Each structure stands twice: as structure tokens, then as C-alpha cells.
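Chemist: Structure provided below as C-alpha cells; questions to follow.
The values are calculated or read from the model by the stated rules, or taken from the named source; none is laboratory data. All of these numbers come straight from a predicted model, not from anything done at the bench. Neighbour counts run over all protein chains shown; Cβ positions are idealised from the backbone, glycine included. The protein model used for the area step is the full one, side chains on, heavy atoms only, and it has no ligands, DNA or RNA in it. Shrake-Rupley method; radii C 1.70, N 1.55, O 1.52, S 1.80 Å.
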Amino acid sequence: MSVRAADLPLHAVSWLVWKILPGRAATKMAEFSHTEAGSGLDMLAATEETPRPELRARYFRHALDELRHARLFRERAGALASARSPQGRSRAQAVLEDGGYLASQGIRGSESLFRQLGELEFLAFVWVHEKRGAEQFDLYASLLRDDASTAAMFAEIARDERFHIAYSRAELDRYTKAGATHDVRWAVLRVRGRRAWQGWLRLTRDLGNAMAGLWLGLLYLLVIGPFSLVARATERPVGGILAAPPRAPAAERARGMA
Amino acid sequence: MSYVLGLSGLYHDSAAVLLHDGKVVAAAGEERFSRVKHDAGLPVLAARWCLQHAGIAAGDLTCVVWYEKPLRKFERILVTQVAQFPRSARAFRRSTFNWLTDKLWVKSSIVTELGVPPEKVLFSDHHQSHAASAFYASPFSEAAVLTVDGVGEWATTSLYRAGPGGLEPLAEILFPDSIGLVYSAFTAYLGFQVNDGEYKVMGMAAYGQPRYEAEVRRVLRLQADGAYDVDLDYVSYHWSAEDSFTPALARLLGPPRFPGAPFDPTTPEGQRYADIAASVQKVTEDALVGLAGWLHARTGLENLCLAGGVALNSVANRQLLLRGPFARLYVQPAAGDAGGAMGAALWAWHEVLGNPRAAEPVALSTPGLGQAWSDDAIGALLADLRVKHEAIDPEQVPERAAADLAEGKVLGWFQGRFEWGPRALGHRSILADPRRADMTDRINAKIKFREAFRPFAPSVRAGDEARYFDVPPGGELLAEWMLLVAPVRTAELPATTHADGTARLHVVRFEANPLFHSLLDTFGDATGHPVLLNTSFNLKGEPIVASPVQALATFFRSGLDALYLGSFRVEQSQVEG
Ligand SMILES: [Fe+2]
Ligand SMILES: [Fe+2]
Ligand SMILES: [Fe+2]
């Protein structure tokens, strides 16, 4: 496989993950199982929300594919993890069992992707992201030649992704043929732009969180610390069944947050 | 015409409930829409659906009621972390960040997301919401109310007297002494996820004996007057955001079970875990019986309403009836934090807006309070998706389904509005013939892909329950919501009888669900037993399905034999083209 210069970092990181750190590979697949499930949910929402009947069936099949990928990754991650640690104590297992992963990673919000983007941009999104996914999975499959069953799983998934690329491209071409060349180009650009923008946002968010963590850490040491010495004396409130404190009338109490 | 919207969330199981002139007209958990299990966000989708269902705009609402007091909760977290310096460092950074950037702004989030004016946003308090959800949904005009959960603002247990004058708080037990958090710490110790795997501990307990009762009582210390406290050396929920128990617990009971490790009660290690689960269960039951004793002594009332996450413990509910002093028990179907949305709304309606209760209150009559889809909409969807299907005369649906079930088929059953609360009660269910012993393994392994030790519940036609089960007197209302476990009297229902000879039964009244009732009728005519195996329509780790698209996606990924989607029957042939 020839490697473009721009892809070198991805290749280097992937090589590290898949060849050198086998524990990471299981965790990575556990994470994939969540992100694939997240795409499955996006596609199910699109199935419900698209006004175009002919696309509804496509989105639905696509959703079933992604949900199947989620299962394949989950099973593979589970098998790898338990082969390494039969007791079930591993990072991969913890990620697999994390029911809150989609929410904590910001993969699911309250507005569906389809509603945020609309049909054309949603299709552009599918095309751009499936292409990226297929490239990644092809790369992983090629790196995993000595682990035949995992490589086979990646190859199988990459096959589905190619179908997803093909149909979303065909739909975009249909827009182009209907004269919306400019709109399609814009949609693809916007999706790519948003990808970069979200990468940037993630970076600034992570930086911001790190800064906030630092400040809060300082606050903890300098304010909470001394304060805790004073508070120690009353550390534990009296236990047992306590009489309920007196209350203001309901209408008054309902106003406040405290 | 007055509409009140109740909301709960930002911890786990967020939900929205709409009252129209004091009557619940719509109620739904956010997870059913967002598809994130135990969704912990703001219940935006559920709230919007509630408004849409009633055909109203946010401006038509009399008020929106949040289920707890955010500032008081934040205060508890801060005070605890101060006291736990320096080991609370990580938890402090994490929770303070979350509170400062998100949770403290719940009022403005509600205002912007829903478009209601700020003066219409009201706040109940956590345990008051729980208590109201049980009492105001019950048929009792007077009752004692007990709420037991992990923690709200400060309270972890609250005791009330309730009557025509509303809820009167009598007493409370405060954080960090918490039955719910101790149960969750043991849930984590036994290798399950906190706030999700508590049911599994209950399921596991059936395989064991309470051989570790003395050890568990060192963690949760019960006193003679019904009070309890927690030995904080064994738990870490008051200072850690990640863990809920300490190495001291492992020294007391042996190594914890890791998540995902196989559970086999025939091995010594598996037996130890089952015995620990049984011991936790036993001590929890004793604690509840003790609290009920306190309440009964103070109130002298006959009826008890129970709420909070611990009230979902259907095994403990039976012990409360058998060993506790109250004659009747009521639990609302969403007894956990989702139910806080219903309680907040009902409390505001009765106690803030001052609307008295009826002299003879009517209990919440059906769990079917979520969204429904018409046969027209389902038919159009099936055609669009090019899914092979058969349209059935709606009158014939019970007969066809009963015939399939009698043949041994496992069915997806999607009918009417989806359920309020964590249980499938015949609206979004997986159904099978409970007389077939192999069904348990078949459904666990091939259909839902979940742990083999987990039992399935039987749904039985109202009036026939005594033929099969020893329903403790006073538990009739609980059995309607699948919140009561009872010994099974017959060997004829192997697939729904748990390892210890009990079942978590679901009694189906005609008025609660006419179609499901008639399915039980028809199945009873064909087989002599008006009982079905009923489990939630979802795969392991996923929320129960809400919409037809979700039902189809779950159906095609499972080993279900057929799906009754409204008046359509779908088989496992894949989507065409
Ligand atoms: Fe995929
Ligand atoms: Fe894909
Ligand atoms: Fe609660």
C-alpha cells in the first residue's frame, strides 16, 4: 500500500496501536463498537425523518449494517480482552460495559444528525465519513495480517462501507445531474469544514478542560484545603432518623432553586 | 384548561410528564427518544413530544416543574468534598466543572430549550417529587409514604404522612447514610454497572443464601428503631467519582467480581457471589421493614406508598408486605428518578396550584402513556422499507399471535403507546409460551444476547393469578406494574419461574391494556393457561424500542420469529432490494 505524506501520522499511530500495543487494540475495537452503534442510531433517525421514501429503505439497511458492525467489534473486543485477561479486568471490558459512552463522548445529542444537516448535507456527511472509515479499516486490515480473524472482520466491514460510499455518492451525483452541482460541492465542503472545525473545537475544549482542571485543582488546594480543617469539626452530620425541618408554604418554596 | 409539565434529569433516567387538569396525559423517558440508555441529559425530546402529543405550545403551559433543588444538591456535593479533602480531589474537579458549566444553569436551559418564560419554571425537591409520584398516583386518600433512593439533595430516605392536606414530611435520613448507594456499591462489587445492574444483583440473589449477612450488616448498620447508618470505611461514593467501594470491602468479603466475567453458581466462586448478592438483598429488606415499622408506629395508617429507586426491588416489596406492618402497598411504575418528573408535576398541581384531590382518588390506570403510531403510518413505513409483511384484520391480531405463541414461536409485540417506567407491560414486549422450559435459554442466548442467569416474567390475566402464584395480600396494585415477586404454585410455567421458585408477575387487567388482555384470553383458550412469558422488547444494553423503525431494527438483529407491529405481521425475511 502506498502512503501519502499527509497520511503518515495516521499510519504511524495505527501501526503503534495495532502492532505494538495489543491491549490498545481491544480497547480501540470496544470504542469502535460504540461509534458504529452511534452511526446506526443516526441512520435509524434518518430512516424516520427523511421525506423521501426511496431513501428510507437505503438508510434502514445502512443502519442495520452499522449496528451489525457494532456487534462484530463488540464480540471481537470481548474475545481479545478475555484472551488477555480471563478475569475480565481490562480497559477494553470497561469500555464495552460503559452504557454511558455515547453520551459522555458527545456522540448523541438531543437533535438528530439528519435534522441538523438536512437531506443533501446528510448525504454528503455519509459519503465523506464512510470514505474516511473505509480507508481506516483497510489500513487496519493490512496491518493485522498475522491476526487472520480480526483482519477478516475488518475486511468484511470495509466491504459494507464501500456500499455505503457508493450509494451516498450516487445520490449526490443525482443532485448534480439535476443541476445542483454547486449545492453538492458546498455540502461536501461544509461537511469537510465542519470535520476540521469540530476537530479544532475538540482540541480547544480539551485544552479548556485541562485549564479548568488546573484552576479547580488550585482552588481545591488553596481554598478547599484550609476550609476543610475548619469543617473537620462538623465532618459528619448526626446520623439516624432526623425530624423533618420546618417548611415555608409550597407556593413559596417552589420558586427557588435552593 | 391547565397544563403542567414535570421534568427530571441531569443525573440519570431523565423524563417528562404532562398533566392536563391534573390528569397524566403523556409520560416518557428521554432514553426512548434519544436511544441513550438511562439518558442523563435534559429531557428535551421527551418534553417536546409531550407538548406535541397534547397539541399545545410551550406558552400554553401553566408551569414547568423541575424535580429537585439544584443549588441544595450542589451544596451537598461541595460540603462533602470539603470534608473529604484531600482524597476528593478528582471528584471535586470533575463535579465542580460539570456543575459550573451545566447543571447550575438548568433553569435557563429549560427556558431556552423549551421556550417557556423563566417565571413559569418551578422547583420541587427530590424526595418530595418521589413521594408525590407515589401518593398522587395511588388510589389511597390517606397513606404513609416512604422514599428510599441513592441520594437527592441531602436526603436518602424520607418518611411522610399524606392525606387530603397534602404531603407532610415527618423525618429523613441524610447522605452519606444511604441504602440505595450501598446497594449500588455492592452492584459494582458484583461486577455490574451502577444505576443499571441493580436488577442483576436481585436476579443473582436467587442462586444464593444470605451467608454473608453479618458482613453486610457491618457495612449497612441497622438499628432497632428502624434507623440505619453506613460504615464509610467500606464505601467511597462520598469522595470518589469513579469507584463506590474500597479495598476494605474486598478484605471483608474477598475479591470483587470483574465486569463481564462469567457467572456460574455451580462453582465455589460463583456461589460466593450469589451468597453475597442474597445477603445484600436480605439486609436491604430488613432495612425497609425497619423503616416501615417506624412509619407505621408514627402514623397508624394502613396503606404505604413507596418510591425511589429502591422501590423497584420487587423481591424486597414482597418482604415488606409479608413482614411489614402495612396492609396495602403502592408503587408507581417509574419509581426511580424518571418518576420524579411525574411527582414534581403532581405536587405542583395539588400543592402549589392548590387543586384538591378527589374524595375517592383514582389510581394511575395504565402504563401506556408514551407515543403511539397508527396502522396507516406503520403500513406506509413497511411499504417504504420494502419489508415483507402481512396486514391482519385488527380483530384477528390476538388470535393470530396466540396461534404463533402456542406453536412455540417467540414474538415481538409492538402495540399502542409505549410504557412509562422501566418495565415492558404488553406494549413493547417480547412474548413466548411460558410452558416451554427451553424458552429461557433460547431467549437469553439467541434473542436478547444477555446473561443466562436472568429470569423472565410471566404476564397473567387478572383473576387467574391465584391459580399460579401466591400473591401476598395487599400486593395487587404492585403486580399490575410487575413490581412484586411471588412464589409459583405450579410446575407448568418453567420458563418464567426463577431459580428460587418465584416469579416477578404482571397481572393484566382489561382496562389497563384491552388488546394484551384479549391475547391472554385467546392464548388461554388455546392452551388452558392465560399466561405468557413477557420480557422487554430490546437487546442487551439498549433502551426498550419506542418507534416502529426501532422495533424493526431490533427485530432483524434478533432471533425473534415474528413481529406484530400494530395490525401487521412481519417475519424474518430480510429487507428486499
Ligand atoms: Fe460501519
Ligand atoms: Fe458505514
Ligand atoms: Fe431519586
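Chemist: Based on the alpha carbons, how large is the Rg to Rh ratio for chain B when Rh follows Kirkwood?
Modeler: 0.95
Chemist: What is the range B:285-353 by shape, rounded, prolate or oblate, if you read a ≥ b ≥ c off the alpha carbon gyration tensor as root eigenvalues and call it rounded for a/c under 1.5, prolate for a/b larger than b/c, and oblate otherwise?
Modeler: Oblate, since a/c reaches 1.5 and b/c is not below a/b.
Chemist: Considering the dipole of the protein assembly as shown built from charges on the beta carbon (Lys and Arg +1, Asp and Glu -1) around the Cα centre, which of B:Q271, B:P367, A:H129 is farthest to its positive end?
Modeler: The listed residue farthest towards the positive side: A:H129.
Chemist: Which whole-number percent gives the relative contact order of chain B, counting Cα pairs below 8 Å spaced six or more residues apart?
Modeler: 16 percent.
Chemist: Would you list A:D173, B:D233, B:D404 from the most to the least accessible area, probe 1.4 Å?
Modeler: B:D233, A:D173, B:D404
Chemist: Another question, if that's okay. Mind checking the dipole of the range B:375-571: about its Cα centre, +1 per Lys or Arg Cβ, -1 per Asp or Glu Cβ, Debye to the nearest 20?
Modeler: 700 debye
Chemist: Still on this structure, please answer the following. Taking every DSSP beta bridge that has both residues in chain B, what percent is antiparallel when rounded to the nearest 5?
Modeler: 70 percent
Chemist: Would you calculate, for chain A, the mean residue ellipticity at 222 nm contributed by helices, counting each DSSP H stretch of 4 or more residues as -39,500 (n - 2.57) and dividing by all residues, to the nearest 500?
Modeler: Dividing the helical sum by the residues of chain A leaves -25000 deg cm²/dmol.
Chemist: For the range A:162-217, compute Rh as the Kirkwood radius over C-alpha pairs and then the Stokes-Einstein diffusion coefficient at 20 °C and 1.002 mPa s; write the answer in µm²/s, rounded to an integer.
Modeler: Here the translational diffusion coefficient equals 154 µm²/s.
Chemist: Restricting things to alpha carbons, tell me how big the range A:9-178 is in terms of Rg and Dmax, in Å.
Modeler: In order Rg, Dmax, the Cα atoms of the range A:9-178 give 16.9, 59 Å.
Chemist: Still on this structure: Have a look at A:A94, A:A37, A:A248 and tell me which one the Gaussian network model of chain A (Cα, springs below 10 Å) gives the largest fluctuation.
Modeler: Between A:A94, A:A37, A:A248, it is A:A248 that shows the largest mean-square fluctuation.
Chemist: Take the alpha carbon atoms of the range A:80-149, find their center, do the same for the range B:305-351, and report the distance between the two centers in whole angstrom.
Modeler: 39 Å
Chemist: Among residues other than B:M204 whose Cβ falls under 12 Å from its Cβ, what is the net charge (Lys/Arg +1, Asp/Glu -1)?
Modeler: Net local charge, B:M204 excluded: -1.
Chemist: Now for a separate question. Which value, in Å², gives the accessible area per residue of the protein assembly as shown when a 1.4 Å probe is used on the protein heavy atoms?
Modeler: Solvent-accessible surface per residue comes out at 39 Å².
Chemist: Something else: Using only protein heavy atoms and a 1.4 Å probe, how much accessible area in total is buried between B and A, to the nearest 100 Å²?
Modeler: Details: alone 21480 and 16780 Å², together 32780 Å².
Using a 1.4 Å probe, the pair buries roughly 5500 Å².
Chemist: Would you work out which of B:A452, B:Q550, B:S314 lies farthest towards the positive end of the dipole of chain B, given +1 charges on the beta-carbon of Lys and Arg and -1 on that of Asp and Glu, about the Cα centre?
Modeler: The Cα lying farthest towards the positive end belongs to B:A452.
Chemist: Within the range B:252-332, report the GluC sites (Glu not before Pro) that DSSP leaves as loop and that have at most 14 other Cβ atoms within 10 Å. Please list the in-between numbers first.
Modeler: On the way: sites: B:E269, B:E285, B:E302; in loops: B:E302.
Here no GluC sites (Glu not before Pro) fit, given the DSSP loop and packing criteria.
Chemist: Percent of alpha carbon pairs in the range B:375-571 separated by more than 26 Å?
Modeler: Distances greater than 26 Å cover 26 percent of the Cα pairs.
Chemist: Still on this structure, I have one more. Report the convex hull volume per residue for the protein assembly as shown, counting only C-alpha atoms, in Å³.
Modeler: So the per-residue Cα hull volume is 170 Å³.
Chemist: Tell me the label-point distance for the pair B:D376, B:S573, using the 7 Å Cα-to-Cβ offset, in nm and rounded to one decimal.
Modeler: 2.8 nm
Chemist: State whether the range B:476-577 is rounded, prolate or oblate according to the following rule on the C-alpha gyration tensor (a ≥ b ≥ c being the square roots of its eigenvalues): a/c under 1.5 gives rounded; otherwise a/b larger than b/c gives prolate, and the remaining case gives oblate.
Modeler: Prolate, since a/c reaches 1.5 and a/b exceeds b/c.
Chemist: Say the cut-off is 21 Å between C-alpha atoms; which of B:K23/B:K73; B:K37/B:K107; B:K23/B:K120; B:K73/B:K107; B:K69/B:K120; B:K73/B:K103 go over it?
Modeler: Table pairs above 21 Å Cα-Cα are B:K23/B:K73; B:K37/B:K107.
Chemist: Give the Rg/Rh ratio for the range B:1-107, taking Rg as the radius of gyration of the Cα atoms and Rh as the Kirkwood radius, to two decimals.
Modeler: With Rh from the inverse mean 1/r over Cα pairs, Rg/Rh is 1.09.
Chemist: Carbon-plus-sulfur fraction of the accessible area of the range B:386-449, 1.4 Å probe, in percent?
Modeler: In the range B:386-449, the share of accessible area belonging to carbon and sulfur is 49 percent.
Chemist: Considering only DSSP beta bridges whose two residues both sit in the protein assembly as shown, what percent are antiparallel, to the nearest 5? Walk me through the numbers before you get to the answer.
Modeler: On the way: 57 of 80 bridges.
Antiparallel bridges: around 70 percent, rounded to the nearest 5.
Chemist: Then there's this: Quick one: check the C-alpha center-to-center distance for the range B:80-144 versus the range B:181-227, whole angstrom.
Modeler: Centre-to-centre distance over Cα atoms comes out at 26 Å.
Chemist: Over the C-alpha atoms of the range B:174-330, what are the Rg and the largest Cα-to-Cα span, Dmax, in Å?
Modeler: 15.5, 48
Chemist: Further, regarding this structure: Write out the GluC sites (Glu not before Pro) in the range A:170-258 meeting two conditions: DSSP loop, and at most 15 other Cβ atoms within 10 Å of their Cβ.
Modeler: A:E235
Chemist: Let me ask something else about it. Let me make sure I get this right: for the range B:52-143, a, b and c are the square roots of the gyration tensor eigenvalues over alpha carbons, sorted descending. Under 1.5 in a/c it's rounded, otherwise prolate if a/b > b/c, else oblate. Which is it?
Modeler: oblate
Chemist: Right, here's the next one. Calculate for chain B the 222 nm mean residue ellipticity that helices alone would give, adding -39,500 (n - 2.57) per DSSP H run of length 4 or more and normalising by residue count, nearest 500 deg cm²/dmol.
Modeler: Details: 20 runs with 198 residues, N = 577.
About -10000 deg cm²/dmol.
Chemist: Which is the longest stretch in chain A that no exposed loop site breaks, taking sites as trypsin sites (Lys or Arg not before Pro) with a DSSP loop state and at most 14 other Cβ atoms within 10 Å?
Modeler: A:5-144
Chemist: Compute the distance from the alpha-carbon center of the range B:359-438 to that of the range B:443-507, in whole Å.
Modeler: Between the Cα centre of the range B:359-438 and that of the range B:443-507, the gap is 19 Å.
Chemist: In terms of the ratio Rg/(2.2 N^0.38 Å) built on C-alpha atoms, what value belongs to the range A:119-245?
Modeler: 1.94
Chemist: On to the next question. Which semi-axes, in whole Å and largest first, does the equivalent ellipsoid of the range A:22-61 have when worked out from the alpha carbon gyration tensor as the square roots of 5 times its eigenvalues?
Modeler: Working: eigenvalues 187, 12, 4 Å².
After diagonalising the Cα gyration tensor, the semi-axes are 31, 8, 4 Å.
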